[in-house]
Amino acid sequence: MAKDKKPHHVYTLLVEVGRMDGDGLPEGATGAALMCYASGVDEAEAVRETVAILKQADMNPLDVSGYGTLEDRLAEGHDIDADERALMDRALAENAVIVAQLTPFFED
């Protein structure tokens, strides 16, 4: 008897990372913010998968903020362009975590 697969959704996550040896962040950066699109049956699974992938990439996730699914964001009035939608579609098709943007933090 085959188990029914729950449908996956793509969640928009903002992940703050601290420094760690081998993290690939620019010299002098104190950390970074990563905008990610992650597939999961719910947001909790998307967060777990994203944190696990970032740790495998020698990054140090400190905090994750969830912004919901495409439908959630549209309901809140977010403007989502074709490039962003394409990345979300890719995350869903590949059951993957896509890092769409990395913004390093620097001390003043």
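Since every read-out is calculated from the coordinates, none of them should be taken as a lab result. Predicted model, so just to flag it, every value in this text is computed and none were measured. Here the Cβ positions follow ideal geometry from the backbone for every residue, glycine too, while neighbour counts run over all protein chains shown.
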Study note, to complete from the structure: Net charge (Lys, Arg +1; Asp, Glu -1) of residues whose beta-carbon lies under 13 Å from that of residue 83, residue 83 excluded, is -2
Review point. To the nearest 0.05, what FRET efficiency results for residue 48 and residue 6 with a Förster distance of 22 Å applied to their C-beta separation?
Key: 0.90
Check your understanding: Are there GluC sites (Glu not before Pro) in region 71-108 that DSSP puts in a loop and that have at most 14 other Cβ atoms within 10 Å, and which ones?
Key -> 76, 107
Review point. Working out 0.36 nm times the residue gap between residue 74 and residue 90, then minus their Cα-Cα distance, what length gain in nm do you get to one decimal?
Key: 3.9 nm
Exercise for review: Name the residue, out of 31, 22, 66, whose mean-square fluctuation peaks in a Gaussian network model built on the chain with Cα pairs under 10 Å.
Suggested key: 22
**Study point:** Rounded to whole Hz, the Karplus (6.51, -1.76, 1.60) HN-Hα couplings of region 39-53, x for glycine and proline
**Key:** 8, x, 6, 8, 5, 4, 5, 4, 5, 4, 5, 5, 4, 4, 5
Exercise for review: May I ask for the angle, rounded to the nearest 10°, between helix 82-94 and the longest principal axis of the chain, with both axes built from Cα atoms and the value confined to 0 to 90°?
Suggested key: 70
**Study point:** HN-Hα J in Hz across region 66-75 - Karplus 6.51, -1.76, 1.60, θ = phi - 60°, x for Gly and Pro
**Key:** x, 10, x, 8, 4, 4, 4, 5, 5, 4
Exercise for review: Sum -39500 (n - 2.57) across every DSSP H segment of at least 4 residues in the chain, then divide by the residue count to get the 222 nm mean residue ellipticity, nearest 500.
Suggested key: -9000 deg cm²/dmol
